[in-house]
Amino acid sequence: MGRTLKRYVLREVSAAFVAAVSLAVSVLFVLRIVEFVDLAFARGVPARLVGALAGFIVPSYLEVAIPMGALLAVVVVFARLGSDGELLALRASGLALGQLAAPLVTFSIAIAVVSLLLGVWARPWANRGIDSTTYQMARTRLTASLREGVFNTWFGGVILFVDQLDAKSGTMHDVMLAEEREEFGRKTIFASDGRVESNEDARTAYLALTNGSLLTYHPSGKYQDKTDFDSLEMNLDLGEDEGLDPMSHGGPPAMSLQALLDLRREHLEHGESPIEEDIELQRKLVLPAAALLLPFIGVPLGAMGRRGVKSRGLLLSTIIVLLYYLALTVSVTLAREQVVPTPVAMWLPDAMLAMLAVALYRRAASESRTLVPAWLPGLRHRA
């Protein structure tokens, strides 16, 4: 296969790959645009934090979009070559299906390396960024939605009245707070001053009140208690804020490779099973390995196209991608439940994909011989 033809195939696949990845990321963003708008306008979260959150989400989208886009790009290009008659011309010139797929091996290796970098470095870094940004959002939400002189339905269903609010320092004056979160009764708090404090390392926040009184009402209504205080701290569970879970991207997915290995070793030293760590380590490898199979799946699927027909291979490739990610999700569940050993569970989707690739490639290689016209027996024999 000549260099010119190799460059032609790679150029066509690369252009289709960029378009496919861009489209996939755009679709994923559109699915969450309502959430971003709600955070910025309805929840009072600063636009800079919403923008940061959107940026940190991109690596997790790319980890899915890049292998999927690569497969779709190969299928689209070879389907076009088939429907336009170019694939027939290439086969008639004596090129075997393996020769046509050869330039894509380098392409698939590049995709695998990018997927590995995303899994080992970019996604954990982005998850840490999501964790930090989401915490800042929840922290900002504590005071951003407050208004002076009105009863605010505040964090966790608490009713909060603030007579005066210093927007710069966040200090509240003449505070009245009513809540029914406690099992033993309703509480009403009056305080001269209040301020929201937080501990970013521990991902916690609390409301610090000074110079006030605490009224506790028994559920039966038979009695109530009154306690005067100089200072009072009320813990706030940031996870209660609907749609903002500051710990949703923490844990092993947010750890660096070294930290993940250290935590796994620590679990083993204490006789604990490092299931989550093993799942994350295997996940970093299975997606890049799947990318190496792209030429052996995309080329046969694309070669299914005939003149004027382009959609068959594209539809099948989309189904294969969806089934692969579904199988990967099932594998994570099997690993967590210890139905099968973690490495076996996590590599099962790749094994199934490899068997599918072999079957498709053999069938396409066999059927491709019929693409050579019967009136070219010499070329037909060479194919």
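The values are calculated or read from the model by the stated rules, or taken from the named source; none is laboratory data. Keep in mind that this is a model prediction, so the values were computed, not measured. Cβ sites come from the backbone with ideal geometry, for glycine too, and all protein chains shown count toward neighbours. Ligands, DNA and RNA are excluded from the accessible area calculation, which covers all protein heavy atoms including side chains. Shrake-Rupley method; radii C 1.70, N 1.55, O 1.52, S 1.80 Å.
For the set Thr134, Thr171, Thr153, the ranking by accessible area, highest first and with no ligand, DNA or RNA atoms included, is Thr153, Thr171, Thr134 under a 1.4 Å probe. Consider a paramagnetic label point 7 Å from the Cα of Gln99 along Cα→Cβ; state which residues of segment 5-28 have an amide N under 19 Å from it. Residues passing the 19 Å test: 5-11. Taking every alpha-carbon pair within segment 1-100, the share separated by more than 19 Å comes to 57 percent. Judged by the mean number of other Cβ atoms found within 10 Å, the most tightly packed of the peptides 61-71, 107-117 leads the ranking 61-71, 107-117.
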